[in-house]
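Just below is one structure, and these are the notes that go with it.
The values are calculated or read from the model by the stated rules, or taken from the named source; none is laboratory data. All values derive from a computational prediction rather than experimental measurement. Glycine also receives a Cβ, built like all others from the backbone with ideal geometry; neighbour counts cover every protein chain displayed. Please note that ligands, DNA and RNA were not included when accessible areas were found on the heavy atoms of the full protein model with its side chains. Shrake-Rupley method; radii C 1.70, N 1.55, O 1.52, S 1.80 Å.
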Amino acid sequence: MALEAVGDLALHIILLKLGPKDTAKVSCVSKRHRDSASGDHLWSKFCLDDLDLVSPQDPHGNPAPSFKVAYQLWREAFAVYPWPLVLRVKRCWGRIRSWLSNNFPVAEATLRGGASESDIEQLENLLEVKLPLPTRVLYRFHDGQELAAKKLSGNSHFLLGIMGGYCFNNHWVNVYLLSLSAVIVKTKAVAYRLGFLIKYKYIVVVGSSTASIKLFFLSCRNGQLTVGARNILTLGEMIQCVPNLLFRSVHDSSGDQQQDAMLLWLEEHGHRLESGIIKVCERKNIKSISLFPEVPPLCSVVVTNGVEIRASAVLVPEFVNSLDDFRGYLFAYSIRMSLQPEGCIINGMTFDSCQLYWRHLLIQFNGDIRSNVDGEAIGKYPLLRPGEGEFVYESFTRLPASSISGSAEGYFKFVRGR
């Protein structure tokens, strides 16, 4: 049967299955096919499937006259990049922005608009690098963050780095994405002390919005992302964020398999946000995304006699010192305590509150005991009541650089609340 003889409904179904690229080709066959291939009901489906657009918009968020025009504008704006990579990056940013909009809108507001090709070329010329393709596309969607002081009503503040952070013993870290202009300034400043950055084509792409120094470096040669360790300024020691085997084709625009560590890192971060592994938490009247995992298996959760204990830990890379075998690694840990709605059971009796009295914590590495705390709680005796949220205790422990494995275990004793 000739295509001209196909009915309008059947032709519409065929075009939907062909997809945008082949539909554009079919439009060249005849006037009838051009009319059928130009219908907005058809291109609205393409825009929804590929670009997650429910209304016709260009890449800057401006209204477009039709879904077909919107799709064309998107293709033209990213014509120099592999289309599958563009769609993948858009999905990555879409997941992060959707989560931020629902859970931390004040942080979403710090995301800058997309960088232009001239902005990217300016950075490449000034720093004498060539950005990996996935990172270029990431910046085309959002040129990092624009941070400014934000305050809630009352005494509560925000730390707005979308990559999150942690706090222990007054050590605050909150990580945010640098804009291209900040990348230039920060890379030049750090390169003054780390000459190898220029030689090996590293740039600084992520920093901490707090006083604590934490920097992430992107290799423009192979696309690896590293974070500076304790000896970064003296020995240039860095830790890889992504296994080398996972990224590929970072400068090859001919295929459709490009991925660098920056893209993989952001995709994993979006997954952890969406799945509830990490959340917005409030510590000392400061709200931020906490990197302490909240759910199993990365978080240990147990409920005993009505008291729920949750515990998790994160490596603190800025304190890693591979030359110090005694305390080469530093792990921060967070212990959260709360009382279930039914109350606390002590000696078979139920009470509407309970108070921490005794703690036992045993930290081991390679089978050897590193720390053994056993005794009355010192300084903090949290009183737990149903519905009053969690008491949070955060601290740290050091492990030798030669550690192969480590573990922490323990228990807490509670008495009737006073």
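Scanning region 215-225 for residues that are open to solvent by 10 Å² or more (accessible area, probe 1.4 Å) and closer than 16 Å to residue 177 by Cβ yields a total of 2.
Which one is most open to solvent (accessible area, probe 1.4 Å), of the residues in region 71-102 that are within 24 Å of the chain's Cα centre (by Cα) and among the basic types (Lys, Arg)? Restricting to residues being within 24 Å of the chain's Cα centre (by Cα) and among the basic types (Lys, Arg), the top hit is 91. Would you confirm whether any residue within region 161-179 is without any contact (Cβ under 8 Å) to a residue 24 or more places away in the chain, assigned to a loop (DSSP other than H, G, I, E, B) and either in contact with a helix residue (DSSP H, G or I) (Cβ under 8 Å, 6 or more places away or on another chain) or within 25 Å of residue 293 (Cβ to Cβ) (or both)? Yes, that holds for at least one residue. Scanning region 234-242 for residues that are open to solvent by 10 Å² or more (accessible area, probe 1.4 Å), of a type in the set (Asp, Glu) and under 30 Å from residue 168 (Cα atoms) turns up at least one hit. Here residue 239 fulfils each of the conditions (1) modelled with pLDDT of 85 or more; (2) under 30 Å from residue 106 (Cα atoms) apart from (2).
Scanning region 103-152 for residues that are small (Gly, Ala, Ser) and crowded, with 16+ Cβ neighbours inside 10 Å yields 107, 114, 115, 144. Applying a threshold of 6 Å to beta carbon distances and a minimum spacing of six or more residues, or different chains, the list of pairs starting in region 304-315 at a residue that is on the phi > 0 side of the Ramachandran plot and ending at one that is surrounded by fewer than 20 Cβ atoms within 10 Å (Cβ to Cβ) reads 305/345; 306/340; 306/342; 306/345. Return a yes/no flag: does region 289-298 have any residue that is charged (D, E, K, R), open to solvent by less than 50 Å² (accessible area, probe 1.4 Å), free of Cβ contacts under 8 Å to residues at least 60 places away in the same chain and part of a loop (DSSP other than H, G, I, E, B). Yes, there is a match, as at least one residue in region 289-298 is charged (D, E, K, R), open to solvent by less than 50 Å² (accessible area, probe 1.4 Å), free of Cβ contacts under 8 Å to residues at least 60 places away in the same chain and part of a loop (DSSP other than H, G, I, E, B).
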